[in-house]
2 protein chains.
Amino acid sequence: MKNGDFIKVKTSNTEYEGYLMPTINNDILVIKLENGYNIGIEKNKIKKTTVLKSHKESKSKKQKIKHNKNLPTISIIHTGGTIASEVDYRTGGVIARFTPEELLKMFPELNEIANINSVFLSNMFSEDMRFKHYSLIAKAIVKEIKKGVKGVIIGHGTDTMHYTAAALSFMLENLPVPVILVGAQRSSDRPSSDAAINLICAAEFITKSDFTGVAICMHESINDDNCVILPACKTRKLHTSRRDAFKPVNSGIIARINHKTKSMEFFYKYEKNKGLVKLFDKMEEKVALVKVHPNFMPEQFEFFRKNKYKGLIIEGTGLGQAPVGTPNQLTKIHSKNLKAIKNLVNSGCIVVMTSQCIFGRVQMHVYSNAIDLVNIGVIPGDDMLSETALVKLSWLIGNFGKKARDLVRENLRGEINKRIMPDQFL
Amino acid sequence: MKNGDFIKVKTSNTEYEGYLMPTINNDILVIKLENGYNIGIEKNKIKKTTVLKSHKESKSKKQKIKHNKNLPTISIIHTGGTIASEVDYRTGGVIARFTPEELLKMFPELNEIANINSVFLSNMFSEDMRFKHYSLIAKAIVKEIKKGVKGVIIGHGTDTMHYTAAALSFMLENLPVPVILVGAQRSSDRPSSDAAINLICAAEFITKSDFTGVAICMHESINDDNCVILPACKTRKLHTSRRDAFKPVNSGIIARINHKTKSMEFFYKYEKNKGLVKLFDKMEEKVALVKVHPNFMPEQFEFFRKNKYKGLIIEGTGLGQAPVGTPNQLTKIHSKNLKAIKNLVNSGCIVVMTSQCIFGRVQMHVYSNAIDLVNIGVIPGDDMLSETALVKLSWLIGNFGKKARDLVRENLRGEINKRIMPDQFL
């Protein structure tokens, strides 16, 4: 009996069938039930085990893809993530292992919507993405667009999909087609997987809308009815595991697609880009983000000056605050925080303030600590998400050098709402 | 005409009345209208200005507080924040300036609910709170409890109120009365201020419930009808400016109080604590939080080892991931991230993983990167908020030394839900 075997386990009370999983606890046998859940069974309570089907590593054949002249063409670029992953019975974890051809085999419905070009770029977990990967993806997108496709789907791990969406948004100016990032919160081998519906809705949206630009397509709720198209620079992963983890922040959805009826609602009117896409794919490596918190130490800011960082996002509290006030003995250290930030700014580092509240906007003219920060050169990030601000700052410095500072507060790709809602007024 | 004067401004079209505000733009005159909004008027369009009332710094007299034998007693400890702040006409910012007596003068309704002890502890913006302040507040609470009060209200700035709530929750074991933190998102001099309603609802809750423990009282929505009592370790500020900024995370509300009818709904049954409160008020100073992101550098982890940190919260992505996988050339640097974290753990630093998704729980047995992290000694933070995990870790190390490691995943004050919801299962 080896991991991955489909087995039957009999205890005095009941019977279970499932796949044998690895475990570090020798007293327990773990099996993955067919509904996707793992259960542990104490070995001393087991009466009998039977191997119903021996595990074999599946090797799929390459499928020949048929071209339909009546359908538009969509390119799917695979970067990795859960959307193309399955359980690894060796480690018990989940690994990415499907090639793009296997994707099509898994989701045959795609072939009824469009002709599919599939491009294998990488097979990464998205938490491993680095700024340089964004450039690789952007170049691959440009290559596909030049083939005249109706749109591009990027298969991506969900963990940092919103960072990538923002980065691609900045890198690809004047995009003439939709570029839709699609992830899955449950791996494709799970009955509850959202992979197929997200992919199919993204393809439907591409073929039926005149949207141009970068966006994300994921479940709207935990039900399998609607997917939503979310704005690239205004979306955040807000749940570790739910299928509707991606939510718009300080913004609304772009469209809703009903998976069953294929009906579509559009909520934003975009001006259609025409002409050629322009690629600005440089990113400055020395840009980071730091979330401040009670007891923050000046040395934590000094680190960035000593290591010659060119840009820093401070994810502050509330309206854009950091511990720099010195009202009493215990906070004497805060004058050193202010000085450390000042030294960092003076070293040429562009320092931008966002808020760990996530929703709302920073307003740095209200309280004295924030006013002090602005006076030493910290730039308010308005209502930008921290994640968007991070990639924007790296991108600005990478492509525009010293002009970057003046562009931080410019709304370039829908990342900043300049209009302040009455309720946001303080 | 000086800042703070109540003036009338006539232009060719219209007339405005309001308080003259400072501005750095000499071409514009800024006045604060009586509805709280500021408007700027171009000076070259102004026909006439009249001072209707000259600004005087208000100096309030100390009020003698009357004791009513039929009412319970509540102690209000003032630490600072917007709940006791007003506009400073000198700088145009908002400053904290009310003494506790002035608080009672502002909110006379409080005296009909309870006899009020008022304690002035500090007048800080909450972003300036350090771990040592938590000890000062906890000691002040114990002092009030020993007087036999029905409960304690802590007036607190909202920016880090959730960090303080968690810290007090850990410091004060077996609390026999409610300790309710109250903030305001709009300063008390604003017509839209939430200060009075939040304070009054907290006082009502204290006098009418048998809840014991630490909680937060804030607006439930942007309407002025209901306030909610929120769990100390499971609440987060999720909007920079809305009055309903505080939301429970992976948890529900404890109670709802209708401000107008004073009716109350209770949603959680707590076992009432009896006996004496125990104070554990030490905090380890060398504990920090770091939010990982694409392009994270090994030197950012190494910093914490070099500076001899005793505890670190890694706010990871998704289910508890960090960039430690090395699938290709570009991510070779990630093996150094893994090594840097390993060195940090081996130096004796307790490293705990939470998620920047905020909602949901980390599950570090699913993907290989997280499995690698657990194997080198990173502790999964379950469904703890990053902010709660930070103060818990500092508190654990401060009070329990080497035992701290074993207590990280123990649910001590409602900070961890051990039950995994089906929808959270992966």
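The values are calculated or read from the model by the stated rules, or taken from the named source; none is laboratory data. Keep in mind that this is a model prediction, so the values were computed, not measured. Don't worry about glycine lacking a Cβ; one is built from the backbone with ideal geometry, like all the others, and counts go over all protein chains shown. Heavy atoms of the whole protein, side chains included, go into the accessibility calculation; ligands, DNA and RNA do not. Shrake-Rupley method; radii C 1.70, N 1.55, O 1.52, S 1.80 Å.
Among the chymotrypsin sites (Phe, Trp or Tyr not before Pro) found in segment A:325-396, not one is both in a DSSP coil and sparsely packed, with 16 or fewer other Cβ atoms within 10 Å of its Cβ.
The accessible-area ordering, largest first, of the residues A:Glu299, A:Glu109, A:Glu271 stands as A:Glu271, A:Glu109, A:Glu299, per a 1.4 angstrom probe. Pairs of Cα atoms in segment A:182-305 fall into 10 Å distance bins, from 0 up to the last occupied one, in shares of 11, 33, 26, 19, 10, 1 percent. For the set A:Arg242, B:Arg243, the ranking by accessible area, highest first and with no ligand, DNA or RNA atoms included, is A:Arg242, B:Arg243 under a 1.4 Å probe. The heavy atoms of A:His239 present about 20 square angstrom of accessible area, all protein chains included, probe 1.4 Å.
Counting only DSSP beta bridges whose two residues both lie in chain A, roughly 55 percent are antiparallel. A cut-off of 5 Å between modelled amide H atoms, ignoring neighbours fewer than 5 places along the same chain, links A:Asn226 with A:Glu220, A:Ser221, A:His259.
Extension gain for the segment A:Met1 to A:Lys260, taken as residue separation times 0.36 nm less the Cα-Cα distance, is 89.0 nm to one decimal. Expressed as a fraction of 2.2 N^0.38 Å, the value expected for a compact globular protein of N residues, the C-alpha radius of gyration of the protein assembly as shown is 0.99. Distance from the Cα centroid of segment B:291-358 to that of segment A:127-179 is 26 Å (rounded to whole angstrom). Our Cα-only numbers for segment A:243-330 put the radius of gyration and Dmax at 21.5, 65 Å. Loop-located trypsin sites (Lys or Arg not before Pro) across segment A:138-204 with a Cβ neighbour count of 11 or fewer within 10 Å are A:Lys146, A:Lys147, with loop assigned by DSSP. With a Förster radius of 51 Å applied to the beta-carbon distance between A:Asn328 and A:Phe280, the computed FRET efficiency rounds to 0.60. Between 0 and 90 degrees, the angle of helix B:386-400 with respect to the longest Cα principal axis of chain B falls at about 70 degrees. Here the mean projected area of the convex hull built on the C-alpha positions of segment A:73-279 is 10.5 nm².
Using only alpha-carbon positions in segment B:274-426, the gyration tensor eigenvalues give semi-axes of 27, 20, 11 Å once each is multiplied by 5 and square-rooted (largest first). Among beta bridges identified by DSSP and lying wholly in segment B:242-387, the antiparallel ones come to about 25 percent. Note on segment B:322-365: along the principal axes its Cα atoms extend 33, 27, 17 Å, ordered by decreasing extent. Which FRET efficiency, nearest 0.05, do B:Lys269 and B:Lys69 yield, Cβ-Cβ r, R0 30 Å? Taking R0 as 30 Å, the efficiency between B:Lys269 and B:Lys69 is 0.40. Taking B:Lys66, A:Lys2 and ordering them by how much accessible surface each has at a 1.4 Å probe, largest first, produces B:Lys66, A:Lys2. Note on A:Asn346/A:Glu173: beta-carbon distance plugged into 1/(1 + (r/R0)^6) with R0 of 35 Å gives a FRET efficiency of 0.60.
Protection proxy ranking, highest mean first, for peptides A:314-324, A:335-345: A:314-324, A:335-345, where packing is the per-residue count of other beta-carbon atoms within 10 Å, averaged.
Based on Cα atoms of chain A, Rg over Rh with Rh as the Kirkwood radius reads 1.04. Estimated at the nearest 10 Å², the accessible area of A:Glu17 is 80 Å² with a 1.4 Å probe.
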